[in-house]
Amino acid sequence: MTPIGLVIMVSLSLAILFAPREWAAAAVMASVMYLTDGQKIMLGGISFFAIRFIEIAGFTRIVLKGELRKGRLNGIDKIFLAFQGVYLLIFLIGFSIHHGKIVTPAYVIGSFCDGVSSYFIFRSLLTDPAVLKDFLKKCAYLMVPFAVFMVIESVTGHNLFSSMGGVPTTPVVRSGHFRAQGSFGVAITAGSLGATLMPLFVAALSWNAGFWGVTGIASCLVIVITAHSGGPLLALAAGMGAWYCWRIRESMRKIRWGILFSVVALQLLMKAPIWFLLDRFGSLTGGHGWDRANLIDQFVKHFGSWWLAGMPLEKTGNWAATRLPTGSTDVTNAYVSFGLNGGLITMILLILLFIECFKYLGDSMKILRLAGPEYKRDELMLWGAGCCLFSHMINLIGVRYFDQMYVVWYMSFAVISSLSAYYINEFKANAQDGSHGAANELDFLPGTI
């Protein structure tokens, strides 16, 4: 670990341990942006990356301050824990059978700890709209220097984070442009940072965020553009498309059914499976659309090999014309990755997690509409959180968050869980004591969470 990496890590850890909640959460996000995977310490043959020391500091804080114990687990929390736990269990069972060499138990156990700690750190810190607003404000300003570094890298071809290790000095060139990656493992995950946070900053404008809201939006756009990656561009378009649906939110049930029927119709009319539309999108964005479509195609064709307990990545070497040095194909799809390592049940739990998040968002927005028009800003923030999650869902078709980007993904689940819990608890309690006179209308909601 370099001296500058050590200073940043220790400073952020102290902020996480002792600062107010919004500052502590912002410090976690700062570690995502300003610490590379090259910052690590080897202990007993295990790599302790700087981000894991940050997670230890965060988990220590929420345990010692009693923030972890506030409130009961809701449906999102339970499914998230089931998703993480079953993924680990199925992988260990599968590993005991096929003994793969590329993905090891230590790696998956580490991923389990990363996921659970990241989720509950944000779940415990971002507990109400006021704290979330302050957190986003700080994130907007934190992203400005990062966006500047991305611009410098994109123009000069020199990555300023390379002195910290873990990232190359000169980024990859595509179509005559340097693909800036900053502190991230590759350009696509760097661009994913801007693409997936964008919907939250758009939502912040409804809170009269003004300068800092626009600053966050501008930084996100700069990060996506300088990454020169098709995946984040598609994720950004998905998030903004979801925001456009705000105008027709009362008709979302019809739209969802319409999308389902459209997908079925396309599958029946197209000569190739529908996932080969990724090839068409790739030709527009400059990405490797065919490779991603072929990966899904091979994944489906080999269903019998992985559905029960996963399969070793070594057996995917013949799925494409090229192989990685490890002998496997390049698994650039998070859903495929979870399936290969955790079987079909892990994929089902992930889908159920997405469904549960949108269900809780829908229930919370119903509460706010019943409470009155003065809560429209809060409803917009909930909608923005849903758009953020949707952008991740689309983005994960073309990338696996193998670096610190997983922290941002799990944060989106935590924000939805915390905001939903806040509004359901607050307004159901008010309805029961007559504050809003809507007790009967809120009978559709789950119990206090």
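Points to keep in mind about this one:
- The helices (runs of 4 or more DSSP H) found wholly in the range 220-311 and carrying at least 2 residues that are closer than 28 Å to LEU349 by Cβ and under 25 Å from the mean Cα position of the chain (by Cα) occupy 230-244, 252-269, 277-285, 289-301.
- The range 214-237, residues that are crowded, with 24+ Cβ neighbours inside 10 Å and of a type in the set (Gly, Ala, Ser): GLY216, SER219, ALA227, SER229, GLY231, ALA235
- Per the listing MET365, MET411, the residue uniquely touching a helix residue (DSSP H, G or I) at 6+ places or on another chain (Cβ under 7 Å), surrounded by 20 or more Cβ atoms within 10 Å (Cβ to Cβ) and modelled with pLDDT of 95 or more is MET411.
- Options VAL103, VAL167, VAL131: the member that is part of a helix (DSSP H, G or I) and either among the aliphatic types (A, V, I, L, M) or crowded, with 19+ Cβ neighbours inside 10 Å (or both): VAL131
- Unique match (being at pLDDT 95 or above and farther than 18 Å from VAL407 by Cα) among VAL155, VAL116, VAL173, VAL103: VAL155
- Residue that is nearest to MET411 (Cα to Cα) [pool: residues in the range 31-55 that are among the small types (Gly, Ala, Ser) and buried (at least 21 other Cβ atoms within 10 Å of the Cβ)]: SER31
- Within the range 195-213, the set of residues being touching a Phe, Trp or Tyr at 6+ places or on another chain (Cβ under 8 Å), surrounded by fewer than 23 Cβ atoms within 10 Å (Cβ to Cβ) and among the small types (Gly, Ala, Ser) comprises ALA209, GLY213.
- The residues of the range 158-181 that are closer than 13 Å to HIS228 by Cα and free of Cβ contacts under 8 Å to residues at least 60 places away in the same chain, listed by number, are PRO171, VAL172, VAL173, GLY176, HIS177, PHE178, ARG179, ALA180, GLN181.
- Pair list, Cβ under 7 Å, 6 or more apart: the range 262-280 residue closer than 14 Å to ALA293 by Cβ and free of Cβ contacts under 8 Å to residues at least 40 places away in the same chain, other residue assigned to a helix (DSSP H, G or I) and among the β-branched types (Val, Ile, Thr): LEU266/ILE274; GLN267/ILE274; ILE274/VAL263; TRP275/ILE296
- Among (1) part of a helix (DSSP H, G or I); (2) touching a residue at least 40 places away in the same chain (Cβ under 8 Å) - the single one LYS315 does not satisfy: (2)
- Exactly one residue out of LEU43, LEU92 is modelled with pLDDT of 95 or more, over 23 Å from the mean Cα position of the chain (by Cα) and not β-branched (Val, Ile, Thr): that is LEU92.
- For the range 173-194, the set of residues classified as surrounded by fewer than 24 Cβ atoms within 10 Å (Cβ to Cβ) and either touching a His at 6+ places or on another chain (Cβ under 7 Å) or closer than 24 Å to PHE49 by Cα (or both) consists of ARG174, HIS177, ARG179, GLY185, VAL186, listed by residue number.
- Any chance ILE76 is touching a residue at least 60 places away in the same chain (Cβ under 8 Å) and surrounded by 22 or more Cβ atoms within 10 Å (Cβ to Cβ): yes
- Scan of the range 1-26 for residues that are of a type in the set (Gly, Ala, Ser) and closer than 18 Å to ASP128 by Cα, ordered by number: ALA19, ALA24, ALA25, ALA26
- Check on LEU126, buried (at least 23 other Cβ atoms within 10 Å of the Cβ), closer than 18 Å to MET29 by Cα and hydrophobic (A, V, I, L, M, F, W, C): yes
- Residues that are in a helix (DSSP H, G or I) and of a type in the set (S, T, N, Q) were ranked within the range 190-212; the one that is farthest from LEU396 (Cα to Cα) is SER206.
- Scan of the range 318-350 for residues that are on the phi > 0 side of the Ramachandran plot and assigned to a helix (DSSP H, G or I), ordered by number: GLY343
- One residue from LEU142, LEU136 being at pLDDT 95 or above, within 19 Å of the chain's Cα centre (by Cα), closer than 22 Å to LEU205 by Cα and surrounded by fewer than 23 Cβ atoms within 10 Å (Cβ to Cβ): LEU142
- Residues satisfying the stated conditions in the range 62-97, i.e. outside any loop (DSSP other than H, G, I, E, B) and either over 18 Å from THR346 (Cα atoms) or touching a His at 6+ places or on another chain (Cβ under 7 Å) (or both): ILE62, VAL63, LEU64
Residue-wise test of (1) of a type in the set (A, V, I, L, M); (2) in contact with a Ser or Thr (Cβ under 6 Å, 6 or more places away or on another chain).
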{"position": "PRO325", "(1), (2)": "no, no"}
{"position": "ASN333", "(1), (2)": "no, no"}
{"position": "PHE338", "(1), (2)": "no, yes"}
{"position": "ILE345", "(1), (2)": "yes, no"}
{"position": "LEU350", "(1), (2)": "yes, no"}
{"position": "PHE358", "(1), (2)": "no, no"}
{"position": "GLY362", "(1), (2)": "no, no"}
{"position": "LYS366", "(1), (2)": "no, no"}
{"position": "LEU370", "(1), (2)": "yes, no"}
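- Where a residue in the range 113-132 is more than 18 Å from PHE18 (Cβ to Cβ) and its partner, wherever it lies, is acidic (Asp, Glu) and assigned to a helix (DSSP H, G or I), with Cβ under 6 Å and at least six apart: SER117/GLU55
- Close pairs from the range 5-27: first closer than 19 Å to GLY66 by Cα, partner among the acidic types (Asp, Glu) and modelled with pLDDT of 95 or more, Cβ under 8 Å, at least 6 apart: GLU22/ASP134
- Among the residues of the range 351-410, the one identified as assigned to a helix (DSSP H, G or I), among the basic types (Lys, Arg) and under 25 Å from VAL86 (Cβ atoms) is LYS359.
The values are calculated or read from the model by the stated rules, or taken from the named source; none is laboratory data. The model shown is predicted, which means the values in this text are computed figures rather than measured ones. We place every Cβ from the backbone using ideal geometry, glycine too, and count neighbours over all the protein chains shown.
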